[in-house]
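Here is the structure we will look at, set down as C-alpha cells.
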Amino acid sequence: MTGPFRTGAFGVTGSGDTSGFGGLVRVEPGGAVALHSTDRPYGGWFDEVADALADAVGHDVYDAAVRRVLVDRGEITWFVHREHLLVLLQALRDDDALRFELCSSVSGVDYHDSGGPTGERLHVVLHLTSMTYRRRIRLEVAVTAADPHVPSATRVYPTSDWHERECFDMFGVVFDGHPALTRILMPDDWDGHPQRKDYPLGGVPVEYHDATIPPPDERRSYR
Amino acid sequence: MTTTDPYAGSRETTEGRVYTVTGGDWDLTFGSDPLAEERLVVNMGPQHPSTHGVLRLVLDLEGETVTKARVVIGYLHTGIEKNVEYRTWTQGTTFVTRMDYLAPLFNETAYCLAVEKLLGIEVPERATTIRVLVMELNRIASHLVGLATFGMEMGALTGMTNGFRERELVLDLLEEITGLRMNHAYVRPGGLAQDLPEGIEAKIREWLTIMPERVAGFHRLLTGQPIWQRRLRDVGYLDVTGCVALGVTGPILRSAGLPWDLRKVEPYCGYETYDFEVPTADTADAWGRYLVRMAEVNESMKIIEQALDRLRPGPVMVEDKKIAWPAQLSLGADGMGNSLDHVKHIMGQSMEALIHHFKLVTEGFRVPAGQVYQAIESPRGELGFHVVSDGGTRPFRVHVRDPSFVNLQATAAMSEGGMIADVIAAIASIDPVMGGVDR
C-alpha cells in the first residue's frame, strides 16, 4: 500500500473487524516525517543554528539545499538534497557559530513503500554533535533504490568511514567519494542488502510433514 | 614431466628420478625495492588470543615496524538490528542487551530511554535510581574485564585472574538483582522488570567496603610496575583532534585530556544530581587510558553509594496499564514466574484483565510514529540509539551507534609506525567488545 496513511488496525484484511479499532487512521512509516515541516520559529537554539547555517552557506544555497525542517520530540531534523550535503556539512563543522565537530552516527533507514511519490525510500541519517555548544542535530538525505548515490561525508568527518560502509552493506546506499566502499559486516561475497525491508527472509524447515516455519514477516502477527 | 620449471626441475638418473627444488627468485616477484625485501603481510586473527575477540588484523610489516594496519570485522555479526524489527518494543530489550555483552545494562537503558522518548513518558524515580545503580555496577564490571584482558594481552596474567575475580563479585550482585549474570533484560520500556530483591542494599554496601582494597590491589600489582609502565607509555597515541575526527569517545577521549562524559555534558537518568568527577589524563596514550579506567571505577562506586542513599519505596514501572508489562513477578517454588496472585486474578476473577494481559503480551503497545536519537555514556563511550517508529507495535528501525565500532576505527591511527607488539597494547587500550562492534 502506498501513501502516507493506513486505515484499520492490526493488519486485519478479509475478516470482520472485531477489535473496534477499524476506524483508525495510522500514519505510514515515514509518513508523518515525510509530510510535515515545522514553521519558524523552531524554538530554543534551533533558530540560532538554522540562521547560522544559512549565513554560513549563503541563503540561496540554504534554500536550495533544505527541503524541510522538522522539530519533533525536542530534536531537529534537516531534510536536505544530496547535491548540497557536503557544503552543509563543511559549514556545520567549521563555522564558529555552529561547530558540530563530531559526527556521532550515520545510519540508514529503508522506508520501503512509503518513500513518497518520488520513491525515495532509502534515507541516510546523520547525527551531528557540537561539543562546543553541546547541541545535537540530525540531517537526513533521501534517495531512490534505483539511484542510491549519496556523497560521502568522510572528507569532512573521517569517522563516517565505517558508518558509511555499514550503510552500504545493509542498505545498498552508494557513498560517492568514499575511500574504500566495501562490505563491512556481511561476508564480501554476500548478495543483497539485508536490512532493506524487501530483503527475502528465510523460514525454518521442520522435520515433520515437510512443514516450514514461515519467515518472520509472513507469520501471523499484529502490525 | 617437463623440466622447464626453473624452480622445480627433475632429472632421470640411473638410480631413478631426482627432483631439484631451488629457491624462488623473489626479486623477480617483488621487484628490487629494498624495502620490499623486508615487507611482510601478517594476518592476525580472527581467532588470535591477543586480538580481544573475533577480530582480524591485516598488518603490513617492515621488520617489526607496522607500516599499515587494517581491521577486518563482521565475524560476530548476528543481525540484531534486523531481528528487533520483527519483535515487539518490549522484546527488543532482550535483543539489544546482547550486543555489547560486557555492558548489557547500558544497551537496555539506552534503548528504553529512546523508546520512552518516542512515547513521551517518564519512568518513576525509583526505577531511574535503580537504573543508575545497576549501570554503575555494570560499568565497574566492564572496566574490570577491560583491565583483565589488558593485563592478559600484555602478559600480566595475574592482572587477568584478579580482574575476573573482582568482576565476579559484581556479577553476583547483578545476578541477585536481575536473575542473570549477563544479558539481563532487566530494564524495560516504562521502567524495570522487577524491583530490587530484599536485603540487596546491605550486600551492595558490604561490597562497597571490600572493593576499594581490591582496586588498591590493582594499583599495587600493575600501576607502579616498571614493565607495565614501559609497555603502556607513549603507545597508541591519539590526541583530542584525532579522537574527534575519528569519532572516538569515552576513556580514550578523556585520556587525551577532554573531560567529555555524557553523564556530565548531556545528563540523563538524573546524573546531574550525583556528585562525581570525570577523570582525565593528559598523556593520550594507553597508559592514560589505563589510569582513566581505574579512576572511573572509584567514581562509579561514589555514584552507587549515592544511589543507595536516595532509594525510596515506590513503583518501578509506569502507572499506564497500556504500557506497563502486566507480569507481576515473584519467586515461587519452581523459580521466578508470574505471581500466583496475578495468575489468580487473570484466570479466575477478571476476563478483562486476562484480555488485557494477553493483548499486551502478544501484541505489545503502540509507539507514535517518529524518530529519536538517544545517547548515553557506556564504559566505552557514546552509545547511541537511533530508533524509528511507524506507529506500530514493533520498531521500524533500530540503529545502534556502538562505541566499540567507532573507536576501533582508530586502530590504524594508533598503531601505524609503531612496533608490532604495541599494536596489541593499542587495541587493548581501545577495549573493543566485538559483540558490540558487529552486532
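With an a/c value of 1.5 or above and a/b not larger than b/c for the gyration tensor axes a ≥ b ≥ c computed over the alpha-carbon atoms, the range B:75-164 is described as oblate. Chains B and A together bury roughly 4500 Å² of accessible surface, counting both sides and using a 1.4 Å probe on protein heavy atoms. Build a GNM of chain B with springs between Cα atoms under 10 Å apart, and of B:Gly250, B:Gly392, B:Gly236 the one that fluctuates most is B:Gly392. Based on Cα contacts under 8 Å between residues 6+ apart, chain B shows a relative contact order of 23 percent.
Check each of the trypsin sites (Lys or Arg not before Pro) in the range B:270-319 and keep only those in coil by DSSP with at most 16 other C-beta atoms within 10 angstrom; list them in order. Numbers along the way, then the final one.
Details: sites: B:Arg289, B:Arg293, B:Lys302, B:Arg310; in loops: B:Arg310.
Passing sites in the range B:270-319 are B:Arg310.
If I compute solvent accessible area with a 1.4 Å probe over the protein chains, what percent of it on the range B:247-388 is carbon and sulfur? Write down the numbers at each step before the final one.
Details: 3310 of 5790 Å².
Using a 1.4 Å probe with all protein chains present, the range B:247-388 comes out at 57 percent carbon and sulfur.
Rounded to the nearest 0.05, the FRET efficiency derived from the C-beta distance between B:Val58 and A:His81 at R0 = 51 Å is 0.85. If you take the square roots of the eigenvalues of the alpha-carbon gyration tensor of the range B:197-243 and sort them as a ≥ b ≥ c, do you get rounded (a/c under 1.5), prolate (a/b over b/c) or oblate? Judged from the Cα gyration tensor, the range B:197-243 comes out oblate (a/c at least 1.5, b/c at or above a/b). Relative to the dominant Cα principal axis of chain B, helix B:420-430 is inclined by about 10°. Ligands, DNA and RNA are left out, and with a 1.4 angstrom probe the accessible area of the protein assembly as shown is 43 Å² per residue. Are any of the pairs A:Lys197/B:Lys82; B:Lys117/B:Lys322; B:Lys322/B:Lys359; B:Lys203/B:Lys302; B:Lys82/B:Lys321 more than 18 Å apart by Cα-Cα distance, and if so, which? Checking Cα-Cα distances, B:Lys82/B:Lys321 exceed 18 Å.
Gyration tensor analysis over the Cα atoms of the range A:29-190 returns equivalent ellipsoid semi-axes of 25, 19, 13 Å (largest first, whole Å). Seen from all directions on average, the range B:264-407 presents a Cα convex hull projection of 13.0 nm². Helix B:157-178 versus the longest principal axis of chain B: what is the Cα-based angle in degrees, 0 to 90, to the nearest 10? Roughly 20 degrees between the two axes.
Rolled with a 1.4 Å probe across the full set of protein chains, the surface gives B:His356 an accessible area near 50 Å².
What does the helix-only formula give at 222 nm for the protein assembly as shown: each DSSP H stretch with n ≥ 4 adding -39500 (n - 2.57), the total divided by the residues, and the result rounded to the nearest 500 deg cm²/dmol?
Working: 23 runs with 240 residues, N = 662.
Computed ellipticity for the protein assembly as shown at 222 nm equals -11000 deg cm²/dmol.
Can you tell which of B:Gly45, B:Gly381, B:Gly191 shows the greatest fluctuation in a Gaussian network model of chain B with Cα springs below 10 Å? Result: B:Gly45 has the largest fluctuation of those listed.
Loop only by DSSP, 12 or fewer other Cβ within 10 Å of the Cβ. Give me the chymotrypsin sites (Phe, Trp or Tyr not before Pro) in the range B:55-149 that pass, ordered by residue number. Don't jump to the answer; show the numbers that get you there.
Numbers: sites: B:Tyr75, B:Tyr86, B:Trp89, B:Phe95, B:Tyr101, B:Phe106, B:Tyr111; in loops: B:Tyr75, B:Tyr86, B:Tyr101.
Passing both the DSSP loop test and the Cβ count: no residue.
Residues of the range A:72-107 buried by at least 30 Å² of accessible area upon assembly of all protein chains, compared with the chain on its own (1.4 Å probe): A:Arg73, A:Glu75, A:Leu102, A:Ser104, A:Ser105, A:Ser107. Its residues counted as N, the protein assembly as shown yields a C-alpha radius of gyration over 2.2 N^0.38 Å of 1.06. Global dimensions of chain B from alpha-carbon coordinates: Rg and Dmax equal 26.6, 102 Å.
For peptide B:383-389, compute the average count of partner chain beta-carbon atoms within 10 Å of each residue's beta-carbon. Intermediate results must be reported in sequence, preceding the final value.
Working: counts 0, 6, 1, 9, 0, 8, 3.
Averaged over the peptide's residues, the number is 4.
Which semi-axes, in whole Å and largest first, does the equivalent ellipsoid of the range A:167-221 have when worked out from the alpha carbon gyration tensor as the square roots of 5 times its eigenvalues? Working shown, then result.
Details: eigenvalues 212, 32, 7 Å².
They are 33, 13, 6 Å, listed from largest to smallest.
Exposed loop sites, defined as GluC sites (Glu not before Pro) outside DSSP H, G, I, E and B with at most 13 other Cβ atoms within 10 Å, are absent from the longest region of chain B, namely B:320-439. Sparsely packed loop sites in the range A:97-197 (the trypsin sites (Lys or Arg not before Pro) outside DSSP H, G, I, E and B with at most 15 other Cβ atoms within 10 Å) comprise A:Arg134, A:Arg155. Taking a Cβ cut-off of under 9 Å around B:Gly236, the surrounding Lys, Arg, Asp and Glu residues balance to a net charge of -2, with basic ones at +1 and acidic ones at -1.
Rounded to the nearest 10 degrees, the angle from helix B:351-362 to the longest Cα principal axis of chain B is 10 degrees. Normalised by the number of residues in the range B:159-312, the mean separation of alpha-carbon contacts (under 8 Å, six or more apart) gives a relative contact order of 19 percent. Each DSSP beta bridge with both residues in the range A:29-190 is either parallel or antiparallel, and the antiparallel ones are about 75%. Considering only B:Val215, B:Val115, B:Val316, the mean-square fluctuation computed in a Gaussian network model of chain B, springs between alpha carbons under 10 angstrom, is largest for B:Val215.
Could you calculate the FRET efficiency of B:Gln225 with A:Arg155 from 1/(1 + (r/R0)^6), where r is the beta carbon distance between them and R0 is 51 Å, rounded to 0.05? Walk me through the intermediate numbers first.
Details: r = 44 Å, r/R0 = 0.86.
Computed FRET efficiency for B:Gln225 and A:Arg155: 0.70.
The values are calculated or read from the model by the stated rules, or taken from the named source; none is laboratory data. Bear in mind the structure is a predicted one, so any value in this text is a computation, not a measurement. Cβ: placed from backbone, ideal geometry, glycine included. Neighbour counts: every protein chain shown. Ligands, DNA and RNA are stripped out before the accessible areas are found, and what is left, the full protein with its side chains, is counted by its heavy atoms. Shrake-Rupley method; radii C 1.70, N 1.55, O 1.52, S 1.80 Å.
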